[in-house]
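Take a look at the structure below.
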Amino acid sequence: MVSAMPPLHTHPGLRTRDPDELRQWLSPIFSVRSIDIPARGRAFDSVVNHCALGSIGLAYMSYGAPLRASVLQLDCFVQGFPLRGAGEVDWNHHTVTVDGAIGVVGGPGAGGRLTYGEDFAHIVLRMGAAALTRKLAALVGQSIDPPLQLIGGPTGNPRHSASQVRLIDYLTRELDRSDALLPPLVVEEIEQAIIVHFLYGNQHNYSHWLEGTPRAAAPWQIRRAVDYIEANWNRAITIEAIVEETQTTARSLFHLFRRTYGISPMTYVSRVRLRYAHALLSAPAEDTSVTSVGLLCGFGNMGHFARRYYEAYGEKPSETLKRHR
């Protein structure tokens, strides 16, 4: 996740040499209660870039000097991804060394002491409890009571963390682009994927509900799911929306889609959008372009769109368009 410019540089939040100003800025977002710069002779020069999306927030932070901070009583869920340097975190009475391979997760009520080296920089994912609870309820098909709570140590599953890093890396790079913004429906679906990764990659009091083989949805439910996808192919489609439409659970839908079609519901969505893209390119208007069709059909990355299109139709989107001009 390292580039010539820091992540989220198009979303500047704060640059300051004043530790108290940094604390005041971070306090309402990450419950930071104190910041101390132990080596006063070093050049403290903090940079915070921050982007708040619909369901999640992302922040890039670097400090330029060794730093100690305290976090007290989080009111959200967070997951940190170190980009460079190292540090040590005493989090809910667990002490963890953080570096490029290990970050820290926390939830409402958590807190601790953070100690970072002078070259430390990281991205922190912030998720509201309500967004996670809605997603979890959709996945398991039950209301969430008592509240969702992380259990165990402050580090998540390394395999899930690695895939989470790739998702966040892609999203931050796209958010920093100036030439072509991702369509809102693509951003929303990436947000949903990040939340699902968090729920599966970290131990919590409902993890056991996400394990095992779910009860399969009835045939009418899979038909209703397909009808809903077909009717909403050009809008943001979430698992919650499909679950509400079909009156089943997300896990049951995933199970039956894989048994029926060999793919997940969201892969099915992608295939439907590819079909519409093929139809639009095969009967183009005067101003039709590959980019406009790709964006309309929910593909924010044109290289990914071209690859998926070629796999489906054996030719590039530009070839289909050219053939029907």
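Charges were assigned to the Cβ only: +1 to each Lys and Arg, -1 to each Asp and Glu. The resulting dipole of the chain about its Cα centre is roughly 740 debye. Think of the chain as a dipole: +1 on every Lys or Arg Cβ, -1 on every Asp or Glu Cβ, centred on the Cα centre; then among LEU114, PRO38, LEU280, LEU280 lies furthest on the positive end. Within the listed set LEU175, LEU210, LEU274, the residue fluctuating most in the Gaussian network model of the chain (springs between alpha-carbon atoms under 10 angstrom) is LEU210. Extending 7 Å from Cα along the Cβ direction at ARG275 and again at ARG33 yields two label points whose distance is 5.6 nm.
With R₀ fixed at 30 Å, the C-beta to C-beta distance from HIS94 to ALA130 puts the FRET efficiency at about 0.70.
Pulled fully out, how much extra length does the chain show between LYS316 and TYR200, if you take 0.36 nm times their separation in residues and subtract their Cα-Cα distance? Walk me through the intermediate numbers first.
Details: separation 116, 0.36 × 116 = 41.76 nm, distance 3.56 nm.
Fully extending the segment from LYS316 to TYR200 adds 38.2 nm.
Sorted largest first, the principal axis extents computed over the alpha-carbon atoms of the stretch 1-96 equal 34, 30, 24 Å.
In the chain, a dipole from Cβ-located charges (positive for Lys and Arg, negative for Asp and Glu) runs towards its positive end, and of ALA162, ALA231, LEU139 it is ALA231 whose Cα lies farthest in that direction. One Cα centroid belongs to the stretch 76-141, the other to the stretch 159-203; the line between them spans 16 Å. Fully extending the segment from ALA86 to THR267 would add 61.4 nm, taking 0.36 nm per residue of separation and subtracting the current Cα-Cα distance. How tilted is helix 219-231 with respect to the longest principal axis of the chain? Cα atoms for both, answer in degrees (0 to 90, nearest 10). Long axis of 219-231 versus the principal axis of the chain: about 80 degrees.
For the stretch 116-268, rounded, prolate or oblate, judged on the Cα gyration tensor with a ≥ b ≥ c (square roots of eigenvalues), a/c < 1.5 rounded, else prolate if a/b > b/c? Oblate, since a/c reaches 1.5 and b/c is not below a/b. Between ARG323 and SER163, the C-beta separation translates, for a Förster distance of 56 Å, into a calculated FRET efficiency of about 0.90. Taking the Cα of ALA306, stepping 7 Å toward and past its beta carbon, and measuring to each backbone N in the stretch 179-194: which are under 16 Å? Only 180 pass the distance filter. Taking 7 Å steps out from each Cα toward its Cβ at ARG17 and ARG259 produces label points 6.6 nm apart. Karplus-based coupling profile of the stretch 166-179, in residue order and whole Hz: 5, 4, 5, 4, 4, 5, 5, 4, 5, 5, 8, 6, 10, 8, with θ = phi - 60° in 6.51 cos²θ - 1.76 cosθ + 1.60 and x standing for Gly or Pro. Between helix 302-313 and the chain there is an angle of about 30 degrees, using the helix long axis and the longest principal axis of the Cα atoms.
Rule-based calculations on the coordinates, nothing more; no lab input. Computed from a predicted structure; not experimentally measured. Please note: Cβ atoms are built from the backbone with ideal geometry, for glycine as well, and neighbour counts cover all protein chains shown.
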